[in-house]
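Data first, discussion second: the structure below is written as structure tokens.
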Amino acid sequence: MADQQYSTASNAPLQNLEEWEDFVKQRYPELPANTGPFQTTNPHKQREEFRNYEATARPTVREFYRLNHRHQTFAFVQAKKREFLSLDRRKMGIWEAMEFLNTLVDDSDPDTDLSQLEHLVQTAEQIRKDGHPRWFVLTGLVHDLGKILCLFGQPQWAVVGDTFPVGCAWSDRIVFHEFFAQNPDALEARYQTRLGIYSEGCGLDNVHLSWGHDEYLYHVVKDYLPDEALHMIRYHSFYPAHREGEYTYLMNDRDKAMFEWVRAFNPYDLYTKSHQRPKVPELQPFYQELIAQYFPAQLRW
Ligand SMILES: [Fe+2]
Ligand SMILES: [Fe+2]
């Protein structure tokens, strides 16, 4: 599927990538502090409630999901993996990649919105304040670097968005489920059963998720971080699983155990966004040292 077929406007319905994240946060509001740091919202949230979020979503967000659900087919995901997972576009260190991501120009308000780099540092700082291990702090620092896909010309709907398995039936707990009617895979009978092309408990490593910044970054960093960190990175946008409890039948026991870490990470991603800017120059030496502990000077992107 060639990218040229999408016009510039249809590539970027969102004013900025945060518009998607703000919508996710609206759907999963933060619970009071006394429910514990790793508590997630009620996994049995009524379908009705979901529909309300859909009904009140901004038109830009709605259009973003329409494009995402329309174009993220099994074939599209395979094509993007072939296109990007050879990792032969650039060689960059982690901090360099953070600065590169920061060159992403969108319609954010520079006076009130944090930059991409500030979001990463802020997430890491909150994890550090809560006393988590160094690899967990580092995971917060790098988790969104896959968004450099935007700088490689990829449309928003192929970089961010709640991810979901392709090649099997779409859970009805995926937000804006109705837009899947326009996805060509809806006509492929082999993709429309509960298991589709997969087998019961086959493990998420064998499952193709919709393409975006999670999967891309996982491949960039997979040789350097512990498994817990890799699960957090690879599945942090897999809301249908980590927030809705769907697709457990594709998971193996290791995935189920690792998803506790994915759930532990999610509040830091969603709720640490404050407008208080982290003092990046002061913090940089600490993070440079942390990066050097785990990563080589240059990675392939
Ligand atoms: Fe992300
Ligand atoms: Fe994030």
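FRET efficiency for the Trp95 to Asp227 pair, using the beta carbon distance and R₀ = 25 Å, is estimated at 0.55.
The amide H of Leu299, built 1.01 Å from its N in the peptide plane, has Met92, Gly93 as neighbours under 5 Å, considering only residues 5 or more places off or on other chains. Karplus-derived 3J(HN,Hα) values for the range 75-91, using 6.51 cos²θ - 1.76 cosθ + 1.60 with θ = phi - 60°, are 5, 4, 4, 4, 5, 5, 5, 5, 6, 10, 7, 6, 6, 10, 8, 8, 10 Hz; glycine and proline are entered as x. Computed over the chain, the alpha-carbon pair-distance distribution with 20 angstrom bins reads 34, 61, 5, each value a whole percent.
Which of the three applies to the range 126-200, rounded, prolate or oblate, going by the alpha-carbon gyration tensor with a ≥ b ≥ c and a/c under 1.5 meaning rounded? Prolate shape, in that a/c is at least 1.5 and a/b is the bigger ratio. The charge dipole of the chain, taken about the Cα centre with unit charges on the Cβ atoms of Lys, Arg (+1) and Asp, Glu (-1), comes to about 440 debye, rounded to the nearest 20. Taking the inverse of the mean reciprocal distance over all distinct Cα pairs, the Kirkwood hydrodynamic radius of the range 228-289 comes to 13.5 Å. Placing unit charges on each Cβ (+1 for Lys and Arg, -1 for Asp and Glu) gives the range 170-301 a dipole about its Cα centre, and among Gln298, Asn252, Tyr218 the Cα reaching farthest toward its positive end belongs to Gln298. Between Asp106 and Asp130, the contour length at 0.36 nm per residue exceeds the Cα-Cα span by 5.5 nm.
Listed values for the range 189-205 are Karplus-derived 3J(HN,Hα) couplings in whole Hz (6.51 cos²θ - 1.76 cosθ + 1.60, θ = phi - 60°), namely 4, 5, 9, 10, 9, 3, 8, x, 7, 9, 10, 3, x, 5, x, 5, 4, and x replaces Gly and Pro. Taking a sphere under 10 Å around the Cβ of Cys168 and counting the other residues whose Cβ falls inside, with K and R at +1 and D and E at -1, yields a net charge of +1. Using a Gaussian network model of the chain in which every pair of alpha carbons under 10 angstrom is joined by a spring, one finds that among Gly245, Gly161, Gly212 the greatest mean-square fluctuation is at Gly245.
Evaluated with a Cβ-only charge set (Lys, Arg +1; Asp, Glu -1), the range 139-232 carries a dipole of roughly 160 debye about its Cα centre, given to the nearest 20. Taking the Cα centre of the chain as the origin and placing charges on Cβ (Lys, Arg +1; Asp, Glu -1), which of Ile233, Trp135, Cys168 is farthest toward the positive end of the dipole? Sorting the options by dipole projection puts first Cys168.
Remark: the range 78-207 is approximated by an ellipsoid whose semi-axes, taken from the C-alpha gyration tensor as √(5λ), come to 32, 19, 17 Å, largest first. What you get for the range 63-134, charging only the Cβ of Lys and Arg (+1) and of Asp and Glu (-1), is a dipole of about 720 debye around the Cα centre. Scanning residues 5 or more positions from Phe164 or on other chains, those with amide H under 5 Å from its amide H are Ser210, with H placed 1.01 Å from N in the peptide plane.
Rounded, prolate or oblate: which fits the range 126-168 when a ≥ b ≥ c are the square roots of the eigenvalues of the alpha-carbon gyration tensor, with rounded for a/c under 1.5 and prolate only if a/b beats b/c? Judged from the Cα gyration tensor, the range 126-168 comes out oblate (a/c at least 1.5, b/c at or above a/b). Per-residue Cβ neighbour counts within 10 Å put Phe152, Phe23, Phe76 in the sequence Phe152, Phe76, Phe23, beginning with the fewest.
When the Debye formula is applied to the Cα atoms of the range 167-301, each taken as the same point scatterer, what base-10 log of I(q)/I(0) results at q = 0.16, 0.19, 0.21 Å⁻¹? Treating every Cα as an identical point scatterer, log10 I(q)/I(0) equals -0.96, -1.22, -1.38. Where only DSSP H runs of four or more residues are counted, the chain gives -13500 deg cm²/dmol as its mean residue ellipticity at 222 nm, each run worth -39500 (n - 2.57).
Each reported figure results from applying straightforward, stated rules to the coordinates on display, with no laboratory input. Nothing here was measured: the structure is a model prediction, and the numbers come from that model. In this analysis, Cβ positions are derived from the backbone assuming ideal geometry, glycine residues included, and neighbour counts consider all displayed protein chains.
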